[in-house]
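Undergrad: Take this structure first; my questions come after.
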Amino acid sequence: QVQLVESGGGLVQSGGSLRLSCAASGIIFSISPMGWYRQAPGKQRELVAAITSGTYYTYADSVKGRFTIFRDNAKNTLYLQMNSLKAEDTAVYYCSARKGPLDYWGQGTQVTVSS
């Protein structure tokens, strides 16, 4: 079955950096569209960044220039490098992968940015 396990969240000061990781299994990682989403308290889950099997990327306007999504196909791991973090980036971050018609989700990792 598909498993996505996120790690790397934590507490960081405004302006700091974090790198999230998502270890994937049960999918053909190198060709699977994947993404990072986040959900802040009282808000809907939103797309942060997505990547296809090729070189197509998309980012939310709020994170462009600060966040970078990339994948290591040899390690079956998806990453999200987050720089210049702001208090409004505080949320639970989820990894997502598409397999056929279905989307799969990890359990989430908390990112808290103190101002």
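Undergrad: Spin-label point model (7 Å from Cα, Cβ direction): what's the residue 39 to residue 17 distance in nm?
TA: So the label points at residue 39 and residue 17 sit 3.0 nm apart.
Undergrad: How high is the relative contact order of the chain, given as a whole-number percent (alpha carbon pairs under 8 Å, six or more residues apart)?
TA: Relative contact order for the chain comes out at 36 percent.
Undergrad: Something else now. Round to a whole number: what % of the accessible area of the chain belongs to carbon and sulfur, probe 1.4 Å?
TA: Whole-percent figure for carbon plus sulfur exposure: 50.
Undergrad: Ok, one more. Rg over Rh of the chain, using C-alpha atoms and the Kirkwood radius, what does it come to?
TA: Across the chain, the Cα-based Rg/Rh ratio is 0.95.
Undergrad: Please compute the per residue accessible area over the chain with all protein chains in place, 1.4 Å probe, rounded to a whole number of Å². Spell out each step's value before the answer.
TA: Working: 6140 Å² over 115 residues.
Each residue of the chain exposes 53 Å² on average to a 1.4 Å probe.
The values are calculated or read from the model by the stated rules, or taken from the named source; none is laboratory data. Everything quoted here is computed from the prediction, not taken from an experiment. All Cβ positions, glycine included, derive from the backbone under ideal geometry; neighbour counts span all protein chains shown. What goes into the accessible areas is simple: the full protein's heavy atoms, side chains included, and nothing from ligands, DNA or RNA. Shrake-Rupley method; radii C 1.70, N 1.55, O 1.52, S 1.80 Å.
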